[in-house]
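As structure tokens, the structure follows; a few thoughts come after it.
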Amino acid sequence: MLVSSSANTALASGLPDLRGFGARVRADAATTPGALRLLATLAVVVTIAFGAVTHAAATDRRHATAAVAGHTERLLVEADSLDSSLSDADTTAVTTFLTGGIEPAARRRRYVADLRSASRQLTTLTQEVGSSGTDRAAVDTIAVQLPVYAGLIEAARANNRQGFPVGAAYLRQASDLMRSTILPASARLYAVEARRLDSDYRTGVGTPAFAVVVLTGTLVLLVLAGAQYFVARRTNRVFNVPLVAASVVLLAATCWTLVAFGLQQGSLSRAQRRGSDPVEAFSAARILMLRAERDESLALVARGGGDQYLADFGAVVQALDGSRQRGLLPELSRVATRTGSLPSLRRYIATLNAYLAQHAKIVGSERDGHFSQAIATAVGPHSTETRLASRMNTGLGAQVTSAQRRFRAAADTASADIAGLWVGIPLLVLAAITLVIVGFRQRLGEYR
Amino acid sequence: MTGRLALVLAVAALAAVAAGCGSTSDRTLRASLQALRTQTPTVTSAPSPNLPCSAAHRRDPTASLRPLEPLPPPSGLPQDSYASTIRHRGRLIVGVDQNTLLFSYLNPFTGRLQGFEIDLVHRLAGAILGNPDAVEFKAITTAQRFPFVQEGRVDLVVDAVTITCDRWQEVSFSTVYYDAGQRVLVPTSSHVRDLRDLAGEKVCVTAGGTALTYLQTYARKHPAHHPLPYPVAQRTDCLVALQQGNVAAIASDDAILYGFAAQDPYTKLVGPRFTDEPYGMAIAKSHPDFVRFVNAVLAQMRADGTWRADYRKWLGRVAPTPAPPTAHYLGSR
């Protein structure tokens with residue numbers, strides 16, 4: 001109907017060569033072979049359309065899934081590890097300073113290891129992020145400022161070893177550079193990559209693909225059923241075997257696509273809910289813990305003049321705290337429930353509370369003027385607080401690592417779930433087209 | 001056959017709907033990003049009112065309250081005096097700097113503060129509590145000095161505070177315990193001889209310090225040729241700025257510059273003193289009896305030679321030991 005009306009408009013606009021085409025088609029359709037030819041064309045066109053649409057939807061999902069499993073997740077993990085390495089480096093440097101003139105070798109090793117992994121992560125990120133955009137700008141900022149930071153830390157050490165107070169000024173400048181420039185850049189980078197992963201998830205599970213496949217699948221099956229009905233009535237044969245076979249093949253293709261999409265969607269959703277969600281939540285907790293630790297050290301370095309650091313400590317604990325609606329802890333427990341790591345989370349909360357008790361003790365000692373006692377409690381060789389903090393850090397880090405493993409497994413499954421569609425759907429559609437043509441040929445042959 | 005196919009299709013559709021509904025959510029992402037965005041709360045002190053100072057202090061800013069006579073022993077402090085409040089508390093709380101080499105600095109090897117000013121504080125603690133070590137030191141920044149005294153967070157501040165007429169509006173001062181003066185520190189390679197050679201150059205000063213005020217006044221007097229002040233939050237940051245080549249010189253009290261020169265052999269003090277910076281201990285205006293007590297302790301130290309001994313101990317290497325600064329007292333008791 002639509003075709004003929006547009007054909008009429010074409011006629012009206014004056015295309016004399018096509019004049020009579022519509023009439024010829026109508027006349028042709030009046031005869032049985034003509035109608036069969038028309039039906040065959042329609043069936044083939046609809047089948048091709050189904051194949052094209054399904055293939056496009058599958059390709060979209062395949063790309064999005066591959067992006068999630070490969071590039072995006074790697075970027076996110078690198079960005080997150082970079083943030084942790086940098087935070088840990090600064091926390092270690094500041095805390096080491098507190099221990100006095102001769103730094104403990106273990107702390108120095110931890111600082112150097114942090115710096116080394118930060119540089120390595122930075123190299124990967126430099127290669128992976130695009131040549132422009134927020135993430136590139138952030139990577140550039142870190143790449144430019146990190147050597148400056150490391151230089152300031154070494155100047156602080158060299159002066160401190162000679163007992164010169166200017167060492168503390170270098171340390172302060174280094175930590176300021178880290179906190180005001182480098183860490184914000186790495187946080188921006190992390191946010192960009194996390195949002196990108198989120199948008200890849202959305203593309204990977206988009207509902208339109210489902211609807212499109214269901215719609216075109218139903219349409220092609222209806223057309224084939226109609227053709228069978230027509231053929232049965234016009235030719236007095238109940239079944240046309242090739243046409244029935246074509247229907248079965250297409251039904252199978254539709255079901256396979258839907259099942260594969262469903263499975264892939266399930267896997268991707270698992271990748272997020274049991275993989276990247278825990279990665280994000282636990283690493284945020286870890287970074288906040290490191291920040292709190294550094295705040296306390298900076299407050300002790302400032303010897304009573306560090307009110308702003310204690311205020312930051314309070315803000316960080318509030319951002320973590322589960323007793324408030326906006327805290328990270330409720331989200332952590334939701335995520336931990338999914339992954340069955342609730343007992344571990346309870347242990348971390350207990351550790352955090354023990355840590356906060358130690359912190360209160362340290363602030364109390366400092367307020368009462370017992371500096372050496374405060375410092376011994378905070379960083380001394382038998383410091384409970386150091387043990388608690390490192391237990392938190394290791395524990396949260398282990399959660400992040402195992403969530404990354406879960407993520408990778410689920411994302412790989414998601415890729416595998418729809419891997420076959422790429423080749424399978426075109427092949428099935430080709431088979432269906434061949435069957436349709438064969439089926440109609442048999443009937444048309446009877447009219448020759 | 002068809003029933004099974006329909007079942008598969010139905011299951012697929014159900015799975016699709018189920019997966020489609022609960023599949024992705026950025027809830028965790030938003031929660032963690034928001035937590036990571038936690039801002040540092042700003043800590044501010046109220047600005048101090050700018051009142052004109054009294055006629056007596058305009059004549060002589062260093063004139064303080066007359067000392068308590070005679071100085072009572074720790075066991076015989078007057079009942080309602082502030083000194084007895086401190087004794088009752090068990091420790092003296094003092095705001096100091098921890099980065100001024102020779103005057104007041106942290107020894108990283110012992111973890112203890114030491115220096116000329118720190119010794120004065122220990123002697124004061126001995127006079128009040130009978131125990132020179134019963135002191136709680138609070139390291140403060142230059143800008144925190146007066147707010148800390150006014151808010152009662154410290155009993156006194158001993159932190160290279162210059163006594164000026166204006167500052168008497170904010171706090172009370174003891175008699176002078178050290179006579180400093182501003183000078184200029186430059187790299188040994190520099191040809192600068194005094195402030196005049198620094199026109200158009202950046203000169204580091206501490207925010208809230210007297211050197212900044214002096215440079216601003218200097219700039220008003222010489223609008224065409226004057227140094228450009230480069231203020232930093234803490235004193236030692238100036239040495240960092242000089243070592244990094246961000247400034248051509250540091251303007252500060254010689255007492256502080258001696259300490260800088262001791263940390264960096266490639267620097268030198270040049271030019272004459274261009275100001276007088278009499279240092280006094282800052283005490284809350286609400287405790288005049290404590291000012292008298294502190295003045296009495298200082299008077300005793302001037303008289304019995306401990307002032308000279310402490311000076312020689314810390315500054316003997318960089319400057320010849322002078323006579324203790326003369327105490328000036330306000331006319332009436």
> Here is a list of conditions, (1) within 14 Å of chain A (Cβ to nearest Cβ); (2) within 15 Å of the chain's Cα centre (by Cα); (3) surrounded by 24 or more Cβ atoms within 10 Å (Cβ to Cβ), and B:CYS204 meets all of them except one; can you say which number that is?
Replying inline: (2)
> Which of (1) touching a residue at least 60 places away in the same chain (Cβ under 8 Å); (2) in a helix (DSSP H, G or I); (3) surrounded by fewer than 21 Cβ atoms within 10 Å (Cβ to Cβ) does B:SER75 not meet, given it meets every other one?
Replying inline: (1)
>> Taking the criterion of being under 21 Å from B:GLY95 (Cβ atoms), open to solvent by less than 20 Å² (accessible area, probe 1.4 Å), touching a residue at least 60 places away in the same chain (Cβ under 8 Å) and not aromatic (Phe, Trp, Tyr), would at least one residue in region B:163-171 satisfy it?
In response: yes
> Just for helices (runs of 4 or more DSSP H) wholly inside region B:228-333: which have at least 3 residues that are more than 14 Å from chain A (Cβ to nearest Cβ)?
Replying inline: B:288-304, B:306-315
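Kindly indicate whether A:ASP114 is in a helix (DSSP H, G or I), farther than 18 Å from A:PHE97 by Cβ, touching a residue at least 12 places away in the same chain (Cβ under 8 Å) and acidic (Asp, Glu).
no
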> Could we say that A:GLY266 is within 7 Å of chain B (Cβ to nearest Cβ), surrounded by fewer than 24 Cβ atoms within 10 Å (Cβ to Cβ) and part of a helix (DSSP H, G or I) here?
Replying inline: yes
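In this structure, does B:VAL94 turn out to be part of a loop (DSSP other than H, G, I, E, B), at pLDDT 90 or above, surrounded by 24 or more Cβ atoms within 10 Å (Cβ to Cβ) and not aromatic (Phe, Trp, Tyr)?
Taking the combined requirement at face value, the residue does not satisfy it.
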> Out of all the residues in region B:286-306, which are farther than 19 Å from B:LEU77 by Cα and either open to solvent by less than 10 Å² (accessible area, probe 1.4 Å) or free of Cβ contacts under 8 Å to residues at least 24 places away in the same chain (or both)?
Replying inline: B:ALA303, B:ASP304, B:GLY305
> Give me the pairs: first residue in region B:26-41 and at the interface with another protein chain (Cβ under 7 Å from one of its Cβ atoms), second residue crowded, with 23+ Cβ neighbours inside 10 Å and small (Gly, Ala, Ser), beta-carbon distance under 6 Å, and six or more apart or on different chains, which are they?
Replying inline: B:THR28/A:ALA281; B:LEU29/A:ALA194; B:SER32/A:ALA281; B:SER32/A:ALA284; B:ALA35/A:ALA284; B:ALA35/A:ALA319; B:LEU36/A:ALA284; B:THR38/A:ALA319
>> Restricting to region B:123-146, name every residue that is of a type outside the set (Gly, Ala, Ser), more than 11 Å from chain A (Cβ to nearest Cβ) and buried (at least 20 other Cβ atoms within 10 Å of the Cβ).
In response: B:LEU124, B:ILE128, B:LEU129, B:PHE146
> What number of residues within region B:214-230 are closer than 15 Å to B:VAL184 by Cα and open to solvent by 20 Å² or more (accessible area, probe 1.4 Å)?
Replying inline: 6
> How about region B:215-255: which of its residues are under 15 Å from B:PHE274 (Cα atoms) and of a type in the set (Val, Ile, Thr)?
Replying inline: B:THR217, B:ILE250
> Residues in region A:164-197 that are open to solvent by 20 Å² or more (accessible area, probe 1.4 Å), in contact with a helix residue (DSSP H, G or I) (Cβ under 7 Å, 6 or more places away or on another chain) and more than 7 Å from chain B (Cβ to nearest Cβ): how many?
Replying inline: 6
>> Just to be sure I understand, how many residues within region B:164-194 are among the aliphatic types (A, V, I, L, M) and under 24 Å from B:ALA309 (Cβ atoms)?
In response: 2
>> Condition first: free of Cβ contacts under 8 Å to residues at least 12 places away in the same chain, within 12 Å of another protein chain (Cβ to nearest Cβ) and of a type outside the set (A, V, I, L, M, F, W, C). Can you find one or more residues in region A:63-83 that meet it?
In response: no
>> Can you find, within region B:307-329, the residue that is surrounded by the most Cβ atoms within 10 Å (Cβ to Cβ) among those that are under 30 Å from B:GLN216 (Cβ atoms) and among the aliphatic types (A, V, I, L, M)?
In response: B:LEU315
>> Out of the residues in region A:213-250 meeting the condition of being in contact (Cβ under 8 Å) with a residue 24 or more places away in the chain, of a type in the set (A, V, I, L, M) and under 30 Å from A:ALA411 (Cβ atoms), tell me which one is surrounded by the most Cβ atoms within 10 Å (Cβ to Cβ).
In response: A:VAL213
> Taking the condition part of a helix (DSSP H, G or I) and either aromatic (Phe, Trp, Tyr) or open to solvent by 10 Å² or more (accessible area, probe 1.4 Å) (or both), does A:VAL44 pass?
Replying inline: yes
> Of all residues in region A:270-288, which are surrounded by fewer than 24 Cβ atoms within 10 Å (Cβ to Cβ) and either of a type outside the set (D, E, K, R) or facing chain B (nearest Cβ under 7 Å) (or both)?
Replying inline: A:LEU288
> Out of region B:120-152, which residues are of a type in the set (S, T, N, Q) and within 12 Å of the chain's Cα centre (by Cα)?
Replying inline: B:THR141, B:THR142, B:GLN144
> Looking only at region A:396-448, which residues are small (Gly, Ala, Ser) and either touching a Phe, Trp or Tyr at 6+ places or on another chain (Cβ under 6 Å) or within 30 Å of A:ALA232 (Cα to Cα) (or both)?
Replying inline: A:ALA431, A:ALA432, A:GLY439, A:GLY445
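The values are calculated or read from the model by the stated rules, or taken from the named source; none is laboratory data. Remember, it's a predicted structure, so these values are computed and weren't measured experimentally. FYI the Cβ positions are ideal-geometry reconstructions off the backbone, even for glycines, and counts take in every protein chain you see. Ligands, DNA and RNA are excluded from the accessible area calculation, which covers all protein heavy atoms including side chains. Shrake-Rupley method; radii C 1.70, N 1.55, O 1.52, S 1.80 Å.
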